[in-house]
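The values are calculated or read from the model by the stated rules, or taken from the named source; none is laboratory data. Because the structure is predicted, anything quoted here is derived from the model rather than measured. Neighbour counts run over all protein chains shown; Cβ positions are idealised from the backbone, glycine included. Only protein heavy atoms, including side chains, enter the accessible area calculation; ligands, DNA and RNA are left aside. Shrake-Rupley method; radii C 1.70, N 1.55, O 1.52, S 1.80 Å.
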Amino acid sequence: MSHENKLVMMANQIGKFFAPQTNMDAPEMIADHIGKFWDPRMRRQIYAHLDAGGDGMDAPVREAIKRLQERDKAKQTRA
Amino acid sequence: MSLIHEIDFGTPASKAGETVNLIIDGRSVSVPAGTSVMRAAMEAGIQVPKLCATDMLDAFGSCRLCLVEIEGRAGTPASCTTPVAPGMKVTTQNDRLAKLRRGVMELYISDHPLDCLTCAANGDCELQDMAGAVGLREVRYGYEGENHLKQQKDESNPYFTFDASKCIVCSRCVRACEEVQGTFALTIQARGFESKVSPGMAEKFLDSECVSCGACVQACPTATLMEKSVIEIGQPEHSVVTTCAYCGVGCSFKAEMRGEQLVRMVPYKDGQANRGHSCVKGRFAWGYAQHRERILNPMIRESIDQPWREVSWEEAISHTAAEFKRIQAKYGRGSVGGITSSRCTNEETYLVQKLVRAGFGNNNVDTCARVCHSPTGYGLSKTYGTSAGTQNFDSVEQTDVVIVIGANPVAAHPVFASRLKKRLRKGAKLIVIDPRRTEMVKAPHLEAAFHLPLRPGTNAAILNALAHVIITEGLQNETFIRERCDLDAFEHWATFIADKRNSPEAVEAITGVSAEAVRGAARLYATGGNGAIYYGLGVTEHSQGTTTVMAIANLAMLTGNIGRPGVGVNPLRGQNNVQGSCDMGSFPHELPGYRHISDDATRAMFESLWGRPLDSEPGLRIPNMLDAAVDGSFKGIYIQGEDILQSDPDTAHVAAGLAAMECVVVQDLFLNETANYAHVFLPGSTFLEKDGTFTNAERRINRVRKVMTPKNGYADWEITVMLAKALGLEMAYSHPSEIMDEIAHLTPGFAGVSYDFLEKVGSVQWPCNEKAPMGSPIMHVDGFVRGKGNFMITEYVPTDERTGPRFPLLLTTGRILSQYNVGAQTRRTANVVWHDEDVLEIHPHDAEQRGVREGDWVKLESRAGGTTLRAVITDRVAPGVVYTTFHHPLTQANVVTTDYSDWATNCPEYKVTAVQVAPSNGPSEWQEQYREQAERSRRIVKAEAAE
């Protein structure tokens, strides 16, 4: 499995846990989890994958990565 | 220094609250009701002679040496079996008693070899002591009568001998095996004069059910059962209390020494985790510390195909620092990292993460807990607010119903298993959830009420089904939920769990466990009194490891089984310091005390003390490091006390990652498998050679004490300090106590911990601070650490690892009693007599289908790779499931396991691999190649001796 596909699989796994949490905003929780636990280079790789079409990414994960990417961009701008 | 002798009170302490007053030899004595007269006397400082009594065992009353007189009572009752009574007046010494005792001793000595001067127990023999205590001056019966002096000596066990000629048949060994260890391997064979201690079927010790825990040896009052090391070396002259470096039970031992030579390890009765018991590893398997294969000089090489070159410490350290600096200058700050070890001390672990964060300037630090209990940390922090188990081990004594899931404590946490089995023999009920019929399911005098032999990978489903029964049958603890838990989260969860898809009937198709058994187990746990859950890596090492930990947490909250003795959620940690390595900030996203690296206030505190800016972004976890290495962005690693090539999954991928790096530094005792890919080898020190602390599975911080000079020259913490200095990071510590002071200063849960404090109290369970100055044996007593308990929805998601026509069987892996993890330590001890190779357990049906016979070589193959090993045909595993251990590098079980991992933590899914098994002719080509490569890689060019 390529590293990129592995990251997509890992993100989807995270998504499958948070999606059924009926009292939570799943994309927000997914974004929070990936933001807290993934090294920036892993995040950059998954952003690049999303920018390239996001093949294989489940819907809540796609939304989560989008939000996280925006947050990281904003952080970089502030820095 | 002198030998530490714990007081032997003769019989166990009574736990009764009521006090009884009596008079012993004219002295007023107050003791709890139920105390024996013998113990009451000893508590008052009056020693009653004894041979068959010891306070580790229930009173037996056979030796008749402890006779006393009690006013108003006829005869001379045995003080060990006579409980105290109010107003009782006891005489322990008078002429009549002295005469009786001398008579008893005469009988013993008339059938005992008179070789005291050359006996290995000389100076440590209770029989000898008692002969003196009773004033034995003659043996009127002579020594010529019928006797047992020509008995055959059994030397089959590698660690102790059994010399029946010296046996006084006090039954202490038999009772220790039953009461303390719970194995029932020994018996008294025959009756009357023919009575003889023997393994159950009169076989040799090595061939018997004996598990070599050493309890019998410890209990023996003579030289009948004697450590071979004492026979060879002689009696020790001083002892030091320290902590075992094997599993997460964290047993306290007395290291009994002659100068700097270790004579034996004896379990310390005041040890609060083990209460005087031990297992074969801690008690006997310490010979690796002196093993000839231990590496004592630093070594470097330019590339991994070259032989090692011995160098000075100065050269090794400066070379390593220069390499890391070069790599960071070329590839960036994040191109290097480190791995801390759960085998090393808290202080050493703390220093490695400090070196990475402050010295390397990134957060690429991880620990071997990544591959075992990382889901415990995350799962329990989300539900309860803290990343640790909730109880102490003593708690099991008040448990009524125990669930053991994904753990085999008999093999992996044997001392705790003995305590658990003792409670079960007293009537507590047991539910085992495990694909295998482990030793817990059925053992002498106990049998699980329910064994739920689920299909590997379906833990979350079965726990959901248990909760479904409890909710739908109204068995939940409403008061606890209302008062202690987040009600909104509970309502959402309750709706989810009550859904029919979680019913035992629906789940049966997934787990293979009958709905009826699940319903029975759920009812028992919910209604049987104090319910406690103990779990191991069979829970965490799954793609849903974290989900399962949360499901366990949910179950305990649902039934109110949290916050008091006898209940709780208890992760059984694999290695000695898994808890500690996690506490010490080994994970790439958090600082010591489980505080996220992005928290500005926490980071500022560390920055201020360490004098370096810290990166606010999480670093790479071990599997991410390997992926990044293959990708080319991670180039150097400092690995302290961890063998990732053998212990991490998908060996081929690990090897590729290591091979892609430019500087791999291994600090260890031996040239382990990872060292085959290393460029620098820094020889490490054993737990006997350094000071520090380990934190066990019950959050207990225990002292590790140096008993000998490090053979390699330095304790591991000193090596990290030297490396940090060479990297420009000053670490000014002169003793590990100063490192602990820094930890306490920076970590709220450790604020009250210091070496001085540990010296006073022995050990302490964190949190230990202003709010809990004496520590916290039980967590979440008045409320959860996070405030309200949080029910998380635990939807079952099948693993992506599926069986199919090519790989129709499921492989699950685990440990065996005599070996420990990658076996680096235990393979270098006599423990190999019990397990000298990894074998594959396969069900008779699956073996028959494949034409596999007992002992045949079989090829075990998965999508990741293949290996060969011998088959053991057993119905301990269910049809469709095979099992092996991972202790031997030439088997390399992890060649077969995949890189699927837990969704939250990347903890590998060791417990589920789709495989095929087929007959084979012998070791595979891969194994032959690996052996060759390993041998080539271990070539050493010795340094020339200095003039």
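Kindly evaluate residue B:31 against the criterion of being under 30 Å from residue B:426 (Cα atoms), over 38 Å from the mean Cα position of the chain (by Cα) and of a type in the set (Val, Ile, Thr). Break it down stepwise before answering.
Working: under 30 Å from residue B:426 (Cα atoms): yes; over 38 Å from the mean Cα position of the chain (by Cα): no; of a type in the set (Val, Ile, Thr): yes.
Criteria not met by residue B:31.
Is there a residue in the stretch B:785-797 that is within 14 Å of chain A (Cβ to nearest Cβ), in a loop (DSSP other than H, G, I, E, B), among the acidic types (Asp, Glu) and open to solvent by 10 Å² or more (accessible area, probe 1.4 Å)?
Within the stretch B:785-797, the subset within 14 Å of chain A (Cβ to nearest Cβ) is B:788, B:790-797.
Restricting the remaining residues to those that are in a loop (DSSP other than H, G, I, E, B) gives B:788, B:790-797.
Okay, now just the ones that are also among the acidic types (Asp, Glu), so B:795.
Restricting the remaining residues to those that are open to solvent by 10 Å² or more (accessible area, probe 1.4 Å) gives B:795.
Looking for residues that are within 14 Å of chain A (Cβ to nearest Cβ), in a loop (DSSP other than H, G, I, E, B), among the acidic types (Asp, Glu) and open to solvent by 10 Å² or more (accessible area, probe 1.4 Å), one finds at least one in the stretch B:785-797, hence yes.
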Report task. Residues being assigned to a helix (DSSP H, G or I) and more than 7 Å from chain B (Cβ to nearest Cβ): count how many of those fall in the stretch A:10-21. Result -> 5
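For the stretch B:840-854, give me each residue that is without any contact (Cβ under 8 Å) to a residue 24 or more places away in the chain and assigned to a loop (DSSP other than H, G, I, E, B). Show your work before the answer.
Let us first name the residues in the stretch B:840-854 that are without any contact (Cβ under 8 Å) to a residue 24 or more places away in the chain, namely B:848-849, B:853-854.
If the condition is that a residue be without any contact (Cβ under 8 Å) to a residue 24 or more places away in the chain and assigned to a loop (DSSP other than H, G, I, E, B), then B:853, B:854 are the ones that fit.
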Report summary line: Of the listed residues (B:338, B:334), the one being surrounded by fewer than 24 Cβ atoms within 10 Å (Cβ to Cβ) and either part of a helix (DSSP H, G or I) or at pLDDT 95 or above (or both) is B:334
Report task. Kindly indicate whether residue A:39 is surrounded by 15 or more Cβ atoms within 10 Å (Cβ to Cβ) and either at pLDDT 95 or above or more than 9 Å from chain B (Cβ to nearest Cβ) (or both). Result -> yes
**Report entry** Single residue of B:926, B:903, B:857 found to be more than 14 Å from chain A (Cβ to nearest Cβ) and under 22 Å from residue B:649 (Cα atoms)
**Finding:** B:926
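Could you tell me which of the residues B:550, B:584 is touching a strand residue (DSSP E or B) at 6+ places or on another chain (Cβ under 8 Å), crowded, with 24+ Cβ neighbours inside 10 Å and among the aliphatic types (A, V, I, L, M)?
Numbers: B:550 fails: touching a strand residue (DSSP E or B) at 6+ places or on another chain (Cβ under 8 Å).
When all the criteria are applied, what remains is B:584.
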Query raised in the report: Of all residues in the stretch B:606-649, which are within 14 Å of another protein chain (Cβ to nearest Cβ), over 21 Å from residue B:673 (Cβ atoms) and charged (D, E, K, R)?
Result: B:615, B:617, B:631
Query raised in the report: Can you pull out the residues in the stretch B:177-229 that are open to solvent by less than 20 Å² (accessible area, probe 1.4 Å), touching a Lys or Arg at 6+ places or on another chain (Cβ under 6 Å), more than 15 Å from residue B:153 (Cβ to Cβ) and outside any loop (DSSP other than H, G, I, E, B)?
Result: B:219
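If you check B:576, B:561, which single one turns out to be more than 14 Å from every other protein chain (Cβ to nearest Cβ), open to solvent by less than 10 Å² (accessible area, probe 1.4 Å) and in contact with a Lys or Arg (Cβ under 9 Å, 6 or more places away or on another chain)?
Details: B:561 fails: in contact with a Lys or Arg (Cβ under 9 Å, 6 or more places away or on another chain).
Going through B:576, B:561 in turn, the sole match is B:576.
Being exposed (fewer than 15 other Cβ atoms within 10 Å of the Cβ), part of a loop (DSSP other than H, G, I, E, B) and within 10 Å of another protein chain (Cβ to nearest Cβ) is the requirement here; does residue A:24 meet it?
No.
Quick one: which residue in A:71, A:62 is away from every other protein chain (no Cβ under 13 Å) and more than 21 Å from residue B:628 (Cα to Cα)? First the steps, then the outcome.
On the way: A:71 fails: away from every other protein chain (no Cβ under 13 Å).
Step by step, each of A:71, A:62 is checked, and only A:62 is away from every other protein chain (no Cβ under 13 Å) and more than 21 Å from residue B:628 (Cα to Cα).
Restricting to the stretch A:42-59, name every residue that is touching a Lys or Arg at 6+ places or on another chain (Cβ under 8 Å) and either within 13 Å of chain B (Cβ to nearest Cβ) or in a loop (DSSP other than H, G, I, E, B) (or both). Walk me through it before giving the result.
Of the stretch A:42-59, the ones touching a Lys or Arg at 6+ places or on another chain (Cβ under 8 Å) are A:50, A:54, A:58.
Of everything in the stretch A:42-59, those that are touching a Lys or Arg at 6+ places or on another chain (Cβ under 8 Å) and either within 13 Å of chain B (Cβ to nearest Cβ) or in a loop (DSSP other than H, G, I, E, B) (or both) turn out to be A:54, A:58.
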Query raised in the report: Which one of the conditions (1) within 14 Å of chain A (Cβ to nearest Cβ); (2) within 33 Å of the chain's Cα centre (by Cα) does residue B:571 fail to meet, given that it meets all the rest?
Result: (1)
**Report entry** Filter result for the condition that a residue is of a type in the set (A, V, I, L, M, F, W, C), within 31 Å of the chain's Cα centre (by Cα), open to solvent by 20 Å² or more (accessible area, probe 1.4 Å) and within 24 Å of residue B:651 (Cα to Cα), over B:864, B:830, B:824
**Finding:** B:864
Report summary line: Within the stretch B:278-288, the residues that are within 14 Å of residue B:827 (Cβ to Cβ) and touching a helix residue (DSSP H, G or I) at 6+ places or on another chain (Cβ under 6 Å) are B:285, B:288
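Test residue B:46 against the criterion of being open to solvent by 10 Å² or more (accessible area, probe 1.4 Å) and over 35 Å from the mean Cα position of the chain (by Cα), and give yes or no.
yes
When the residues of the stretch B:362-412 are narrowed to those that are outside any helix (DSSP H, G or I) and charged (D, E, K, R), which ends up least open to solvent (accessible area, probe 1.4 Å)? Break it down into steps so the answer makes sense when it comes.
Keep residues of the stretch B:362-412 that are outside any helix (DSSP H, G or I), which gives B:362-367, B:372-373, B:384-392, B:399-408.
Narrowing further to those that are charged (D, E, K, R): B:366, B:400.
Values: B:366: 0, B:400: 54 Å².
Going through the qualifying residues, I end up with B:366.
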Query raised in the report: What do you reckon, is residue B:135 open to solvent by less than 50 Å² (accessible area, probe 1.4 Å), more than 36 Å from the chain's Cα centre (by Cα) and more than 14 Å from residue B:114 (Cα to Cα)?
Result: yes
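Just name the residue that is farthest from the other protein chains (Cβ to nearest Cβ) out of those in the stretch B:480-497 that are open to solvent by less than 30 Å² (accessible area, probe 1.4 Å) and within 34 Å of the chain's Cα centre (by Cα).
Pass one, the stretch B:480-497, residues open to solvent by less than 30 Å² (accessible area, probe 1.4 Å): B:480-481, B:485, B:489-490, B:493-494, B:496-497.
Then drop every residue that is not within 34 Å of the chain's Cα centre (by Cα), which leaves B:480-481, B:485.
Numbers: B:480: 20, B:481: 16, B:485: 13 Å.
Looking at residues that are open to solvent by less than 30 Å² (accessible area, probe 1.4 Å) and within 34 Å of the chain's Cα centre (by Cα), I get B:480.
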Query raised in the report: Going by the conditions given, is residue B:558 of a type in the set (A, V, I, L, M) and in the same structural domain as residue B:472 (by TED's automatic domain parsing)?
Result: yes
Report summary line: Counting only residues that are in contact with a helix residue (DSSP H, G or I) (Cβ under 7 Å, 6 or more places away or on another chain) and part of a loop (DSSP other than H, G, I, E, B), the stretch B:606-635 contains a total of 11
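Give the number of residues within the stretch B:559-605 that are part of a strand (DSSP E or B) and either farther than 20 Å from residue B:744 by Cα or out of contact with any Asp or Glu (no Cβ under 6 Å at 6 or more places or on another chain) (or both). Full working, then the answer.
Going through the stretch B:559-605, the residues part of a strand (DSSP E or B) turn out to be B:568-571, B:590-591, B:595-596.
Keeping just the survivors that are either farther than 20 Å from residue B:744 by Cα or out of contact with any Asp or Glu (no Cβ under 6 Å at 6 or more places or on another chain) (or both) gives B:568-571, B:590-591, B:595.
Counting residues in the stretch B:559-605 that are part of a strand (DSSP E or B) and either farther than 20 Å from residue B:744 by Cα or out of contact with any Asp or Glu (no Cβ under 6 Å at 6 or more places or on another chain) (or both) gives 7.
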Report task. Return yes or no: is residue B:716 within 23 Å of the chain's Cα centre (by Cα), open to solvent by less than 10 Å² (accessible area, probe 1.4 Å) and modelled with pLDDT of 95 or more? Result -> yes
Query - Residues that are assigned to a strand (DSSP E or B), open to solvent by 10 Å² or more (accessible area, probe 1.4 Å) and either modelled with pLDDT of 95 or more or touching a Leu at 6+ places or on another chain (Cβ under 8 Å) (or both), drawn from the stretch B:421-446 - result: B:429, B:446
Query raised in the report: Taking into account only those residues within the stretch B:548-596 that are touching a residue at least 60 places away in the same chain (Cβ under 8 Å) and of a type in the set (Lys, Arg), which is farthest from residue B:372 (Cα to Cα)?
Result: B:564
Report summary line: Going through (1) of a type in the set (Gly, Ala, Ser); (2) more than 30 Å from residue B:290 (Cβ to Cβ); (3) open to solvent by less than 30 Å² (accessible area, probe 1.4 Å) one by one, residue B:818 fails only at (2)
